[in-house]
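Enquirer: Structure provided below as structure tokens; questions to follow.
The values are calculated or read from the model by the stated rules, or taken from the named source; none is laboratory data. Quick caveat, the model's predicted, so the values are computed rather than measured. FYI the Cβ positions are ideal-geometry reconstructions off the backbone, even for glycines, and counts take in every protein chain you see. Protein only, heavy atoms only, side chains kept; ligands, DNA and RNA dropped before computing areas. Shrake-Rupley method; radii C 1.70, N 1.55, O 1.52, S 1.80 Å.
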Amino acid sequence: MIDRNFNRTHFFLLLAAFAFCTAHKAAAQRKKNQQSVQQANTREAEFYFTEGERYFMLEDYAKALLYYEKTLEVTPDNATVYFKIADVLARSKHPGDMQRAAVSIENALRLEKGNKFFYLLAANIFIAQGRHDRAAQAYEDLLANVKRTDECLYELAAVYQYAQKPDDAIKTYNRAEAAFGVNEVSSLQKIRLLLERSKTKEAIAEG
């Protein structure tokens, strides 16, 4: 009786060990297959992106866009590819492409918030669309998320002027002066904005 129980226990232990080894081998094979697929996707994406860059440098933007979009199909969460697509579309004269560029650069910023050039392109696209409030927000986000970008305060102040927000423009010029010191450019702009709002005393004081 003891031998029979021992044999049965031994059999189940062997069965469990076999099942474990089989499962482990299957998991290892799946991991290996996944790695192979990822490596193949990486090589494919690199090829498409390199081709896109080549045609971009040749100013063949239609072909560059085609290869960037193929890259995105393989790596759908690639912020740089969204940026490149936005850059190409922003150069287009076709109706609707600027809106597509705006969507693409917003995707780039959603995926990566620390790239200065993403914000600058976004601001330029929004300005081209006449969306000055959105352009101003792009600059504000740039200043908040990327260090050593205070020089962009002057562009931000100009955008606030286009957006008909003189108070925000003056505040931004003050921020620029706090960073770089008082200078003729910002002072003259502040004087003009103050005079436009009939704030003569403040304009004289600024002068």
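Enquirer: If I model a spin label at GLU69 and VAL185 as a point 7 Å from the Cα along the Cα→Cβ vector, what separation in nanometres do I get?
Expert: For GLU69 paired with VAL185, the spin-label model returns 3.9 nm.
Enquirer: How many Å³ per residue does the convex hull of the Cα positions in segment 87-138 occupy?
Expert: 64 Å³
Enquirer: Could you put HIS94, HIS132 in order of accessible surface area, largest first, with the 1.4 Å probe and the full protein assembly present?
Expert: Of HIS94, HIS132, the descending order of accessible area is HIS94, HIS132.
Enquirer: Computed FRET efficiency, Cβ-Cβ of THR200 and LYS147, R0 25 Å: what is it to the nearest 0.05?
Expert: 0.05
Enquirer: Let me ask another. Can you give me the three principal axis dimensions of segment 87-207 from its C-alpha atoms, in Å, biggest first?
Expert: Per principal axis, max minus min of the Cα coordinates gives 47, 31, 18 Å.
Enquirer: If you don't mind, there's one more thing I want to ask. Within segment 89-203, how many lysine pairs that are 8 or more places apart, or on different chains, have C-alpha atoms less than 21 Å apart?
Expert: 11
Enquirer: Accessible area per residue for segment 102-207 in Å², computed with a 1.4 Å probe and the full protein assembly in place, what is it?
Expert: On a per-residue basis, 55 Å².
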